[in-house]
Amino acid sequence: MTAPDKHPLGRWDVESFPGHRVKLGRDEPLRLECGVELAEFTVAYQTYGTLNPDKSNAIMVCHALTGDQFVAEPHPVTGKPGWWDYMVGPGKPIDTDRYFVICSNFLGGCMGTIGPKEVNPETGGPWGLDFPVITIADMVNAQVMLLDHLEIEQLFAVVGGSLGGMQVLEWAASYPERLFAAAPIATAMHHSAQNIAFHEVGRQAIMADPDWCGGEYLSRGRWPRRGLAVARMTAHITYLSESSLQAKFGRRLQDRDAITFGFDADFQVESYLRHQGSTFVERFDANSYLYITRAMDYFDLAARHGGSAAQLFDHSPIRFCVISFTSDWLYPTVECRRIVNALNAVAANVSFAEIETDGGHDSFLLDVPEFHRVFRGFLEGAAEHRGLPRAVPRRNGP
Amino acid sequence: MMAESQRKAIRVDLQFIADMIEPGSRVLDVGCGDGTLLDYLVHFKQVDGRGLELSTEGVNACVSAGLPVIQGDADTDLETFPDNAFDYVVLSQTLQAMVAPRTVLHHMLRIGRRALVSFPNFGYWRVRLFLLLHGRMPMSDTLPYRWYDTPNIHLCTIKDFLALCRELGIVIERSVSLDHKSRTRRINSSPFTANLLGEQAVFVLRR
């Protein structure tokens, strides 16, 4: 076994992470869409703010493909700020002085919730590819079990971008009585052929890595670094816009004055992508990546609910806010409009704004003041209708 | 949310429209701009209101103020709404900017039990006089654009609009013209005078 292949799980002790862990499914198992039942499984989650006495101020934040429950605090592995630090916190659009924020690591994840790198009780080893194939609906059903465990009848809102937005849509379609407001952001009602195609490239990269070992790398003390890094590099390109890549890197060279007539990272953009790949593999599990991308590919909300997009939200009492970004070509505005059209078709209460940005799909994670202003306004309007007390203005420190 | 003091004054034609709307009803404001009317209706008439607006600035201002507004084009997006979904569908000062005003009217009356429409009257005497005296495309407070940059591609007179309603079998429940001092005049009592003296018109329509 060579050192570079050794997996990084030593620094990745989920039991030592901040937040909470709960075992769900003891009384009644979670029946997955594929037919398998999970009788007892761990869900790791984090909360911010305080639940009010009548439990009406809870917001479920659904994280995206490579996100986790550490929404608004330093990441326990990388030390980087929370992935939605711009959005969640005291005085921020999702104001933790006002709302109680819950975010759980989704089913199949690798930050403490049951997933392919956790222990399979039947074998005592990691699940690996024996882990059942999960879907977005399974993730949401697990979140509902968490909500029951927390004894919260109705969430004030469910919000999320990208894969998080798919979970929001699934929540709204399957459990309309359990949320007051829904904000699906930069997302779609189903995965397009192009979306599936990019994911397939990522999966093939992982599976082509000899260190993947047919999915058994953990029990063999290996870690498919190269494959997972390539998957991340490809995906990362889809999260940015052509113009932002051009503006950020152009054809500039990396720490050199001339091209080297070789295959080193001559260009800054190459160096950047390599860095993205190599840091990602220190905090994400390759098999998780396979399972989660598969769940996204299988997502087709209308098909799962009988084929008609319009029927999905018939008589929905939920206040919706759909937001897209002009430079997002992964889940472009036209996909968000499909959601809006389905909601309009039943005259649902929906807001829809397309925010002008250069940041590509990742815009929902970035500092985009217009997005935050619109999002904050939507939440405040919904809070007024829900009868939540106004936020107490924060006093500035000395 | 707007402060109460900011909510007081809304444009005269908007106030006129607001006064015709039953409290607690369902309202779709097509071309809702920055949401002035919608905000007024939501807070003073407790309506279940929605807006449709083309401009990004307008939509963002509305949603930021907590109003349920979607970004969209009345010419193409009204068809996504179902029949009879609203009590009122409002189109204030926007009809003349539609590519297909006739189709938009059709959809408004399909979606809503009633349509409330206001538009600048191209038959207003000052407009006629402007063209007669200057020989150039009329410009005024209600028609502030030059011919080459105007969004108003389908201007009409009150008589034109009456003729269209007749042609489409639309019932006019109420109709008034407003002159430049915001005095109202019932159109049905004298369409000729209203068409001459009205700077703008407000119609309440049903199928």
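Being without any contact (Cβ under 8 Å) to a residue 12 or more places away in the chain and closer than 25 Å to B:Arg110 by Cα narrows it down to one residue among B:Arg166, B:Arg183; which is it?
On the way: B:Arg183 fails: closer than 25 Å to B:Arg110 by Cα.
The conditions single out B:Arg166.
Would you say A:Thr47 is modelled with pLDDT of 95 or more, assigned to a strand (DSSP E or B) and among the hydroxyl-bearing types (Ser, Thr, Tyr)?
Working: modelled with pLDDT of 95 or more: yes; assigned to a strand (DSSP E or B): yes; among the hydroxyl-bearing types (Ser, Thr, Tyr): yes.
It is true that A:Thr47 is modelled with pLDDT of 95 or more, assigned to a strand (DSSP E or B) and among the hydroxyl-bearing types (Ser, Thr, Tyr).
Working carefully through the options A:Gly307, A:Gly377, find the one that is assigned to a loop (DSSP other than H, G, I, E, B) and either modelled with pLDDT of 95 or more or not hydrophobic (A, V, I, L, M, F, W, C) (or both). Write out each step before concluding.
Working: A:Gly377 fails: assigned to a loop (DSSP other than H, G, I, E, B).
After ruling out the rest, the residue left standing is A:Gly307.
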Going by what's in this entry, would A:Val61 be described as of a type in the set (A, V, I, L, M), under 23 Å from the mean Cα position of the chain (by Cα) and outside the structural domain of A:Tyr217 (by TED's automatic domain parsing)?
yes
If B:Leu37 satisfies all but one of (1) surrounded by fewer than 24 Cβ atoms within 10 Å (Cβ to Cβ); (2) more than 14 Å from chain A (Cβ to nearest Cβ); (3) touching a Ser or Thr at 6+ places or on another chain (Cβ under 8 Å), what's the number of the condition it fails?
(1)
Checking A:Ile323 against (1) at pLDDT 95 or above; (2) surrounded by 19 or more Cβ atoms within 10 Å (Cβ to Cβ); (3) among the aliphatic types (A, V, I, L, M); (4) part of a helix (DSSP H, G or I), only one condition comes out false. Which one?
(4)
Of the conditions (1) touching an Asp or Glu at 6+ places or on another chain (Cβ under 8 Å); (2) over 14 Å from A:Ala347 (Cβ atoms); (3) within 13 Å of another protein chain (Cβ to nearest Cβ); (4) not in a loop (DSSP other than H, G, I, E, B), the single one that B:Gly66 does not satisfy is (4)
Does region A:150-162 hold any residues that are of a type in the set (A, V, I, L, M) and surrounded by fewer than 24 Cβ atoms within 10 Å (Cβ to Cβ), and which are they?
A:Leu150, A:Ile152
Among A:Asp68, A:Asp97, A:Asp85, A:Asp54, which is out of contact with any Asp or Glu (no Cβ under 7 Å at 6 or more places or on another chain), outside any strand (DSSP E or B) and surrounded by 24 or more Cβ atoms within 10 Å (Cβ to Cβ)?
A:Asp68
Criterion violated by B:Glu79 - all others in (1) over 15 Å from the mean Cα position of the chain (by Cα); (2) among the acidic types (Asp, Glu); (3) at the interface with another protein chain (Cβ under 10 Å from one of its Cβ atoms); (4) surrounded by 20 or more Cβ atoms within 10 Å (Cβ to Cβ) satisfied:
(4)
Considering each residue of region A:330-364, count those that are touching a residue at least 12 places away in the same chain (Cβ under 8 Å) and either more than 11 Å from every other protein chain (Cβ to nearest Cβ) or assigned to a loop (DSSP other than H, G, I, E, B) (or both), and give that number.
15
Within region B:86-95, is even one residue more than 9 Å from every other protein chain (Cβ to nearest Cβ), under 19 Å from B:Val204 (Cα atoms), part of a helix (DSSP H, G or I) and within 16 Å of the chain's Cα centre (by Cα)?
yes
Can you name every residue in region A:312-371 that is among the aliphatic types (A, V, I, L, M), over 27 Å from B:Asp29 (Cα atoms) and in contact with a His (Cβ under 8 Å, 6 or more places away or on another chain)?
A:Leu330
Inside region A:192-231, can you point out the residues that are crowded, with 23+ Cβ neighbours inside 10 Å and in a loop (DSSP other than H, G, I, E, B)?
A:Tyr217, A:Trp223, A:Pro224
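The values are calculated or read from the model by the stated rules, or taken from the named source; none is laboratory data. This structure is a prediction, so every number in the text was calculated from the model and none was measured. Positions of Cβ are generated from backbone atoms using ideal geometry, with glycine treated the same way; all protein chains shown enter the neighbour counts.
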